[in-house]
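The next block holds one structure in the form of structure tokens; read it before the comments.
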Amino acid sequence: MWTDRIVDVTGWRQAAEGPGWEQVEAELGVALPTDFKELSRRFVPGAFSGYLDLLRPTDEHFGTPLLSMWFGGRQMAVLHGSHARLREPYRVYGPDTGPGLVQWGIDISEGDHFWLVDRSVEPERWPVVSRRESGESWHQFDMSTAEFVYRVIADPEFKPFTVADPPRLPFYLPYWAPYPPSPAEWAALTSPNREARPCQPSA
């Protein structure tokens, strides 16, 4: 299971928590991929390797809600034709317009990560559609969300999206941790000799 592999490779140890996705799924008119919801449950808001963030059901901890990104994308596509052209050959998903993109992640290099949502296809089979920054070429991957996240942080061959840097290890940076980490903190987070231990917010 790719989610378990992410837990193992990051050394993250935290009790599962977080709000549910029922309202989001009701608004979208589709269920979201199970592995994505499991990732958001097992990892508090934060960033994989200090790089890749998941969109969340709410704006708690200064995160960006998934529905806000989706609503904003739909509005911009309607009001500004140039914004719609930036998504070509794709379009923003709508319950009444057929298959299209729903954003699930964002990274610090301004990369955007989406599903190609199709109500006639099981959510676990939706491709991941990503680009490194606005205006760059799209890349479509027939893999799950969790596999994509794992390959970004742990597979040095997953170009152009990888941030893996062997022998340094991937890690998870929760919302309460200072960003960017100091050089000493970064070395400790990525050390091949680090010990997995529970992560707790500061008082």
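Just the residues that are within 17 Å of THR162 (Cα to Cα), among the hydroxyl-bearing types (Ser, Thr, Tyr) and more than 11 Å from the chain's Cα centre (by Cα), please, taken from the stretch 114-150.
SER137, SER144, listed by residue number.
So, in the stretch 132-163, of the ones that are small (Gly, Ala, Ser) and in contact (Cβ under 8 Å) with a residue 12 or more places away in the chain, which residue ends up least open to solvent (accessible area, probe 1.4 Å)?
ALA146
Among the residues that make up the stretch 39-57, is at least one of them exposed (fewer than 14 other Cβ atoms within 10 Å of the Cβ), of a type in the set (Gly, Ala, Ser) and either free of Cβ contacts under 8 Å to residues at least 40 places away in the same chain or on the phi > 0 side of the Ramachandran plot (or both)?
No, the stretch 39-57 has no match at all.
If PRO167 satisfies all but one of (1) in a loop (DSSP other than H, G, I, E, B); (2) closer than 30 Å to VAL30 by Cβ, what's the number of the condition it fails?
Unmet condition: (2).
For the stretch 113-131, state whether one or more residues are more than 23 Å from ASP8 (Cα to Cα), charged (D, E, K, R) and open to solvent by less than 10 Å² (accessible area, probe 1.4 Å).
yes
Starting from residues that are hydrophobic (A, V, I, L, M, F, W, C) and open to solvent by 50 Å² or more (accessible area, probe 1.4 Å), keep the ones in the stretch 67-112 and report whichever is modelled with the lowest pLDDT.
Filtering first and then ranking leaves LEU79.
Within the stretch 10-34, how many residues are crowded, with 19+ Cβ neighbours inside 10 Å, out of contact with any Leu (no Cβ under 7 Å at 6 or more places or on another chain) and outside any loop (DSSP other than H, G, I, E, B)?
2
Looking at VAL121, is it hydrophobic (A, V, I, L, M, F, W, C) and farther than 22 Å from GLY46 by Cβ?
Considered against the rule, which asks whether it is hydrophobic (A, V, I, L, M, F, W, C) and farther than 22 Å from GLY46 by Cβ, VAL121 comes out as yes.
Could you list all residues from the stretch 96-113 that are within 10 Å of the chain's Cα centre (by Cα) and in contact (Cβ under 8 Å) with a residue 24 or more places away in the chain?
Of everything in the stretch 96-113, those that are within 10 Å of the chain's Cα centre (by Cα) and in contact (Cβ under 8 Å) with a residue 24 or more places away in the chain turn out to be GLN103, TRP104, GLY105, ILE106, ASP107, HIS113.
I need a count of the residues in the stretch 6-50 that are charged (D, E, K, R), at pLDDT 95 or above and closer than 18 Å to LEU101 by Cβ.
Qualifying residue count, the stretch 6-50: 1.
VAL129 versus (1) touching a strand residue (DSSP E or B) at 6+ places or on another chain (Cβ under 9 Å); (2) more than 19 Å from LEU39 (Cα to Cα): which is the lone unmet condition?
For VAL129, the exception is condition (2).
Give me the residue from the stretch 51-61 that is outside any strand (DSSP E or B) and modelled with pLDDT of 95 or more and, out of that set, farthest from the chain's Cα centre (by Cα).
Checking each candidate, the answer is TYR51.
The values are calculated or read from the model by the stated rules, or taken from the named source; none is laboratory data. Given the structure is predicted, the values throughout are model-derived calculations rather than measurements. Reconstructed Cβ throughout: ideal geometry from the backbone, glycine too, with neighbour counts over all protein chains shown. Side chains are part of the model used for accessible areas, which takes the heavy atoms of the whole protein and leaves out ligands, DNA and RNA. Shrake-Rupley method; radii C 1.70, N 1.55, O 1.52, S 1.80 Å.
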